[in-house]
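Engineer: This is the structure, below, for whatever I ask next.
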Amino acid sequence: MTDRATTHAIGMEAATPPLSNRHFRGQVVEAEEIAPRIWVHGYRLPEVARRAQPGQFVHLRLNDGTAPLLRRPFSVLDVYPGDGVARILFKVVGTGTQILAGKRPGDDIDVLAPLGSAFQVPENVRRLTLAGGGIGMVPLYFLAKELTAARPGIELDYWFGARSAEEVYLLEDLRQWCKRVEAVTEDGSAGRKGRLPDYAQEWRGADMIATCGPIPMLRAIQATTADWPVPVHAALESFMGCGLGACLGCVLDTVDGFERVCTEGPVFDLRRLNLEVPA
Amino acid sequence: MSAPATGTNVDMQVTLGPLKLKNPVMTASGTFGYGTEYRELYDPAILGGVFLKALTMAPRPGNKPWRIYETPSGMLNSIGLQNVGIEEFFEKKEPFCRELAGKGTAMCANLAAQTVEEFQQLVERLETTDCIAAYELNVSCPNVKKGGCQFGTDPTLLRELVAAVRPGTKRPLIVKLAPQVTDVAEMARISVDAGADIISLINTFPAMAIDAEKRRPILATVTGGLSGPAIKPIALRMVYAVRQAVDVPIIGMGGIMNWKDAAEFLLAGASAVAVGTANFVHPTTPVEVLEGLQDYCRRHRYARVSDLTGALELP
């Protein structure tokens, strides 16, 4: 894995001292709109770059005011420990992400991180299918990159689901790490036509499936893979309060009762989740 | 009032009737877990007090998702008193309470129940540990079908409850009032008449959010409780009204985001404050409130933070 000394050169002065073991102030060192309304941000956050694992998230404060009030959780896209940079990818969907998209290199950023659980890939997994819907690709991108570095010989298949071609991105990166990369778009403008779960039968043969995306997609994958003899793990999202496990606001229903997306998750065994609620 | 020279220490201790706090900064129930969740961010022992997550006799799973939603300068929650129940509290949470209590932070149990008898049982069980400094009767949770705000909105039930719990303990008894009443001062008077030592207010406001596109409520329980800066002006007015009505100390809360907000509550008549929603936004808020209040006292030449209580100068 190469470090990106040139792109992350801004803000290379000594990092702001951490506020605590989980609370950091960093600087934006990269801000690029890589597709319409899709942004990649790189933050100088050495501790987070060193510690974050695929599936974990950063909880960002968007401004110092009270609107928006709550932090917003963003899955980590990848890390560059040598540069002390952690990156996220997000889609502009509302006020919060609109404000975030306005940040520029040199701007400060306040984060709680790294938070939540990470994807655990058992040692015996030789063939892993990654299935990401929309920006659900983010933690899977990180996983593909890390596994390629850590487990030479592991075979990765990547399935990228989107509405149309303009919402498919970073495929060149994924092709470096994955043996097979398939795009599936609802309008057929890139790759195959349809929705990601329509092709789930092609994932048979994998030793494990890691997925992330909208709840209807996860529900369909859950149904298709219900009796497959392999682990199926999913990263979930939720409205979130503290991100630290205190407010109990972000729970999902599981076979063992309500569990917190921020603490027990965001990565769950998909079969343990009751995805009937919420819609 | 003596005027300290700049740089000298301000006396941050406050005495709320029978409850002594090393400083007036507390954390509100339900926003700080059992204290352990924030350990990695700062040492909770710097706090004057902690209101623990509401406890019920039996464990409660809480409400279905979605449980929270952001609104203008505020948030809705409908957690539904999810908690481990009193016995697991003793098994798993009490040791850390003991540790914090040992460092002089007042650990206050927030009690929630559907019946008078269950409130009495909670007190009876908690009397067996010496790490609890006070009881806060949660008569104002808007998010449960039974036993939520019924006690806090019905004067007769409120009087009966406080009078029934009072003989069970010599510890300070705090009543946390609901804001959705016609006359909050009257509810404070009733609580004090029946034996409350301290009034805390306000709990969240019953409120709702709707997704117009889906023609559905956002929260699974349809309505929730509104907190955050959006409710601060209302909370301030209610603290001020209760100050006029009763002589017992007040713990003020509702949208405190910084030391200035906290100072406003003290000036309106509170003797201590609790930080709630801000714990989710900026977890070190209580630390900064404490430092900011000290600085405020120095700048305004107050030797004691307690001198701020009710020091509002009316036109």
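Engineer: Let me know the shape class of the stretch B:14-141, please: from the alpha-carbon gyration tensor, a ≥ b ≥ c as square roots of the eigenvalues, rounded when a/c is under 1.5, otherwise prolate if a/b is greater than b/c, or oblate.
Structural biologist: Oblate, because a/c is 1.5 or more while a/b does not exceed b/c.
Engineer: Taking R0 as 30 Å, what FRET efficiency do you get between A:Lys91 and B:Val222 from their Cβ-Cβ distance, rounded to the nearest 0.05? Show your work: numbers first, answer last.
Structural biologist: Values: r = 29 Å, r/R0 = 0.97.
Plugging the Cβ-Cβ distance into 1/(1 + (r/R0)^6) gives 0.55.
Engineer: Which FRET efficiency, nearest 0.05, do A:Thr254 and B:Asp130 yield, Cβ-Cβ r, R0 41 Å?
Structural biologist: Values: r = 37 Å, r/R0 = 0.90.
Efficiency at R0 = 41 Å is approximately 0.65.
Engineer: Explain nothing, just the number: relative contact order of chain A, from Cα pairs under 8 Å at least 6 residues apart, as a whole percent.
Structural biologist: 16
Engineer: In the stretch B:236-315, which trypsin sites (Lys or Arg not before Pro) are in a loop and have at most 14 other Cβ atoms within 10 Å, using DSSP for the loop call? List each step's numbers first, then the result.
Structural biologist: Numbers: sites: B:Arg237, B:Arg243, B:Lys260, B:Arg298, B:Arg299, B:Arg301, B:Arg304; in loops: B:Arg301.
Answer by residue number: B:Arg301.
Engineer: How big is the stretch A:127-272 in terms of Cα radius of gyration and Dmax, in angstroms?
Structural biologist: 15.3, 44
Engineer: Can you list residues whose amide H is under 5 Å from A:Val181's amide H, if they're 5+ apart or on another chain and H is modeled 1.01 Å from N?
Structural biologist: Distant-sequence amide H within range of A:Val181: A:Tyr158.
Engineer: At a 10 Å Cβ-Cβ cut-off, how would you order B:Ile256, B:Ile68, fewest neighbours first? Intermediate results must be reported in sequence, preceding the final value.
Structural biologist: Working: B:Ile256 28, B:Ile68 25.
In order of increasing Cβ crowding within 10 Å: B:Ile68, B:Ile256.
Engineer: If contacts are Cα pairs under 8 angstrom and at least 6 residues apart, what is the relative contact order of chain B in percent? Walk me through the intermediate numbers first.
Structural biologist: Values: 752 pairs, mean separation 68.5, N = 315.
Taking the mean separation of contacting Cα pairs over the length of chain B, I get 22 percent.
Engineer: With springs only between Cα atoms under 10 Å, which of A:Val255, A:Val125, A:Val92 fluctuates most in a Gaussian network model of chain A?
Structural biologist: For chain A, modelled as a Gaussian network with Cα springs under 10 Å, the answer is A:Val255.
Engineer: Given H placed on each backbone N at 1.01 Å, which residues far from A:Glu186 in sequence or on other chains put an amide H within less than 5 Å of it?
Structural biologist: So A:Glu186 has HN proximity to A:Ala162, A:Arg163, A:Ser164, A:Gly194.
Engineer: Looking only at GluC sites (Glu not before Pro) in DSSP loops with at most 10 other Cβ atoms within 10 Å, what is the longest site-free stretch of chain B? Present the calculation step by step, with values, prior to reporting the outcome.
Structural biologist: Values: sites that count: B:Glu213, B:Glu313.
With GluC sites (Glu not before Pro) excluded where exposed in loops, chain B gives B:1-212 as its longest stretch.
Engineer: Using θ = phi - 60° and the Karplus relation 6.51 cos²θ - 1.76 cosθ + 1.60, list the HN-Hα couplings for the stretch A:135-145 in order, rounded to whole Hz, with x at every Gly or Pro.
Structural biologist: 6, x, 5, 4, x, 6, 4, 4, 5, 4, 5
Engineer: Next up: Tell me the trypsin sites (Lys or Arg not before Pro) within the stretch A:20-57 that lie in a loop according to DSSP and have at most 16 other beta-carbon atoms within 10 Å. Write out the running numbers ahead of the final one.
Structural biologist: Values: sites: A:Arg22, A:Arg25, A:Arg37, A:Arg44, A:Arg50, A:Arg51; in loops: A:Arg22, A:Arg37.
In loop regions of the stretch A:20-57 (DSSP not H, G, I, E or B), the sparsely surrounded trypsin sites (Lys or Arg not before Pro) are A:Arg37.
Engineer: Once phi is turned into θ = phi - 60°, what whole-Hz ³J(HN,Hα) does the Karplus curve with 6.51, -1.76 and 1.60 give for every residue of the stretch B:220-225, x standing for Gly and Pro?
Structural biologist: Each residue of the stretch B:220-225 in turn: 4, 8, 6, 10, x, x Hz.
Engineer: Shape of the stretch B:82-121 from its Cα gyration tensor (a ≥ b ≥ c, root eigenvalues): rounded if a/c is under 1.5, otherwise prolate when a/b > b/c, or oblate?
Structural biologist: Numbers: a/c = 2.97, a/b = 1.79, b/c = 1.66.
Prolate is the answer for the stretch B:82-121, as a/c is 1.5 or above and a/b outweighs b/c.
Engineer: Next up: Tell me, B:Ser73, B:Ser200 in order of fewest to most beta-carbon neighbours within 10 Å?
Structural biologist: Numbers: B:Ser73 17, B:Ser200 33.
Listing B:Ser73, B:Ser200 from fewest to most nearby Cβ atoms yields B:Ser73, B:Ser200.
Engineer: Next up: Using a 10 angstrom Cβ neighbour count of at most 11 plus a DSSP loop assignment to flag exposed GluC sites (Glu not before Pro), which longest range of chain A is free of such sites? It would help to have the intermediate numbers written out before the result.
Structural biologist: Numbers: sites that count: A:Glu13, A:Glu123, A:Glu276.
The longest uninterrupted stretch comes out as A:124-275.
Engineer: Which of the three applies to chain B, rounded, prolate or oblate, going by the alpha-carbon gyration tensor with a ≥ b ≥ c and a/c under 1.5 meaning rounded?
Structural biologist: Values: a/c = 1.38, a/b = 1.25, b/c = 1.11.
Verdict is rounded for chain B.
Engineer: Would you work out which of B:Tyr69, B:Met12, B:Ile46 lies farthest towards the positive end of the dipole of chain B, given +1 charges on the beta-carbon of Lys and Arg and -1 on that of Asp and Glu, about the Cα centre?
Structural biologist: Selected residue: B:Tyr69.
Engineer: Relative contact order for the stretch A:23-115: what is it in percent, counting Cα pairs under 8 Å that are at least 6 residues apart? Mind showing how you got there, number by number?
Structural biologist: Values: 209 pairs, mean separation 38.8, N = 93.
Relative contact order for the stretch A:23-115 comes out at 42 percent.
Engineer: Let me ask something additional. Neighbour counts of other C-beta atoms within 10 Å: give me B:Leu267, A:Leu100, A:Leu69 arranged from fewest to most. Working shown, then result.
Structural biologist: Numbers: B:Leu267 18, A:Leu100 22, A:Leu69 26.
If I rank by nearby Cβ atoms, fewest first, I get B:Leu267, A:Leu100, A:Leu69.
Engineer: I'm a student and want to see the number: the projected area of the Cα convex hull of the protein assembly as shown, averaged over all directions, in nm². Could the numbers behind the result be given before it?
Structural biologist: Numbers: hull surface 113.0 nm².
Seen from a random direction, the Cα hull of the protein assembly as shown projects 28.3 nm² on average.
Engineer: Another question, if that's okay. Treat every Asp and Glu Cβ in the stretch A:23-115 as -1 and every Lys and Arg Cβ as +1, leave all other atoms uncharged, and give the resulting dipole magnitude about the Cα centre to the nearest 20 debye.
Structural biologist: On the way: 12 positive and 10 negative charges, 45 e Å.
Once rounded to the nearest 20, the dipole reads 220 debye.
Engineer: If you take the Cα Rg of chain A and divide it by 2.2 N^0.38 Å, with N the number of residues, what do you get? Display every interim value, and only then the final one.
Structural biologist: Details: Rg = 18.0 Å, N = 279, 2.2 N^0.38 = 18.7 Å.
Here the answer is 0.96, to two decimals.
Engineer: Given H placed on each backbone N at 1.01 Å, which residues far from B:Val50 in sequence or on other chains put an amide H within less than 5 Å of it?
Structural biologist: Answer set, sorted by chain and number: B:Thr27, B:Ala106, B:Met107, B:Cys108.
Engineer: Here is a further query. Residue farthest toward the positive end of the dipole of the protein assembly as shown, with Cβ of Lys/Arg at +1 and Asp/Glu at -1: which of A:Ile38, B:Ile251, B:Cys131?
Structural biologist: Farthest along the dipole direction, towards plus: B:Ile251.
Engineer: Then there is this: Return the ratio Rg/(2.2 N^0.38 Å) for the stretch A:23-115, where Rg is computed over Cα atoms only.
Structural biologist: Numbers: Rg = 12.0 Å, N = 93, 2.2 N^0.38 = 12.3 Å.
Against the empirical 2.2 N^0.38 Å value, I get 0.97 for the stretch A:23-115.
Engineer: Take the alpha-carbon positions of the stretch B:84-206, form their convex hull, and give its projected area averaged over all directions (one quarter of the hull surface) in nm². Walk me through the numbers before you get to the answer.
Structural biologist: Working: hull surface 29.1 nm².
The orientation-averaged projected area of the Cα hull of the stretch B:84-206 comes to 7.3 nm².
Engineer: Still on this structure: State the extension gain, in nm to one decimal, for the chain segment bounded by A:Ala223 and A:Asp108, taking 0.36 nm per residue of separation less the distance between their alpha-carbons.
Structural biologist: Details: separation 115, 0.36 × 115 = 41.40 nm, distance 4.35 nm.
Separation in residues times 0.36 nm, less the Cα-Cα distance, equals 37.0 nm.
Engineer: Give me the lysines in straight-line cross-link reach of B:Lys145: C-alpha distance below 30 Å, same-chain residues under 8 apart excluded.
Structural biologist: Answer for B:Lys145, where 30 Å is the Cα cut-off: B:Lys53, B:Lys64, B:Lys92, B:Lys93, B:Lys176, B:Lys214, B:Lys232, listed by chain and number.
Engineer: Considering the dipole of the protein assembly as shown built from charges on the beta carbon (Lys and Arg +1, Asp and Glu -1) around the Cα centre, which of B:Thr182, B:Thr115, A:Asn124 is farthest to its positive end?
Structural biologist: Towards the positive end, the residue furthest out is B:Thr182.
Engineer: Still on this structure: Under a Cβ-only charge scheme (Lys and Arg +1, Asp and Glu -1), can you give me the dipole magnitude of the protein assembly as shown about the Cα centre, in debye to the nearest 20? Walk me through the intermediate numbers first.
Structural biologist: Values: 61 positive and 66 negative charges, 45 e Å.
With only Lys, Arg, Asp and Glu charged at Cβ, the dipole is about 220 debye.
Engineer: Please compute the average number of Cβ atoms from other chains found within 10 Å of each residue's Cβ in peptide B:32-45. Write down the numbers at each step before the final one.
Structural biologist: Numbers: counts 4, 6, 1, 1, 2, 6, 6, 4, 6, 7, 3, 1, 0, 0.
Shielding by partners across B:32-45 averages 3.
Just so you know, all these numbers are worked out from the coordinates, no wet-lab data involved. These figures come from a predicted structure and were not determined experimentally. So basically every Cβ, Gly included, is an ideal-geometry build from the backbone, and we count neighbours across all protein chains shown.
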